[in-house]
Amino acid sequence: MASIFSKIIKGEIPCYKIAENEDYFSFLDINPIAEGHTLVIPKKETDYIFDLSDESLQGLISFSKRIAKGIDQSLGTIRTGIIVEGLEVPHAHIHLIPIYFEGQPVSLGRKTDVSESRMKELASLISNAVEL
Ligand code: 5GP
């Protein structure tokens with residue numbers, strides 16, 4: 001069965017899209033731990049990130065870097081953190097966490113409320129700043 005993220009890529013489930021290219025796709029996490037919390041995934045469905053080919057993993061990191069730079073540029077972060085857990089959705093993904101101040105709690109599970117209109121705005125701000 002296709003993962004929820006494969007359904008998002010196909011447009012069968014809506015998302016706040018950031019960017020995509022032929023092989024990778026990026027969108028806001030629906031349960032953000034900080035404003036602009038973003039997921040980056042390979043389009044080809046693989047559960048465990050370290051089962052990706054070297055080429056695919058390197059491509060995922062390079063694509064994530066471009067998204068992170070867009071986050072930094074558009075949201076005024078001090079940097080963007082990166083987390084990989086992958087216990088909930090069996091489709092490899094990288095979490096990009098905008099960090100706005102030193103000491104900001106950065107831990108998955110610390111959900112913060114972000115309104116739908118702000119999610120739309122964040123996706124648009126980041127998306128416009130990303131250079132692929
Ligand atoms: P992990 O598998 O690394 O533990 O976390 C999976 C992440 O995917 C979670 O942060 C969760 O909020 C996010 N997520 C799960 N389902 C959806 C969805 O349908 N849309 C979006 N945008 N994010 C999702």
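The values are calculated or read from the model by the stated rules, or taken from the named source; none is laboratory data. Remember, it's a predicted structure, so these values are computed and weren't measured experimentally. All Cβ positions, glycine included, derive from the backbone under ideal geometry; neighbour counts span all protein chains shown. Accessible surface areas use protein heavy atoms only, side chains included; no ligands, DNA or RNA. Shrake-Rupley method; radii C 1.70, N 1.55, O 1.52, S 1.80 Å.
Of note:
- Charge-dipole axis of the chain as Lys and Arg at +1 and Asp and Glu at -1 on Cβ define it, positive-most pick from I4, S127, S64: S127
- Summed over the residues of the chain and divided among them, the accessible surface reaches 57 Å² per residue at a probe radius of 1.4 Å.
- Annotation note: chymotrypsin sites (Phe, Trp or Tyr not before Pro) in the range 30-86 located in DSSP loop regions with a Cβ neighbour count of at most 15 within 10 Å are Y48.
- Nearest 10 degrees, 0 to 90: helix 116-129 Cα axis against the chain principal axis: 80
- Bridging of K120 to lysines at a Cα separation below 25 Å is possible for K7, K10, K17, K43, K65, K69, K111, once same-chain residues fewer than 8 apart are set aside.
- Rounded to the nearest 20 debye, the dipole size of the range 53-132 about its Cα centre is 180 debye, using +1 on the Cβ of Lys and Arg and -1 on the Cβ of Asp and Glu.
- Scaled radius of gyration (Cα, divided by 2.2 N^0.38 Å) that the range 4-129 gives: 0.98
- Percent accessible area from carbon and sulfur atoms, the range 9-132, protein chains only, probe 1.4 Å: 47
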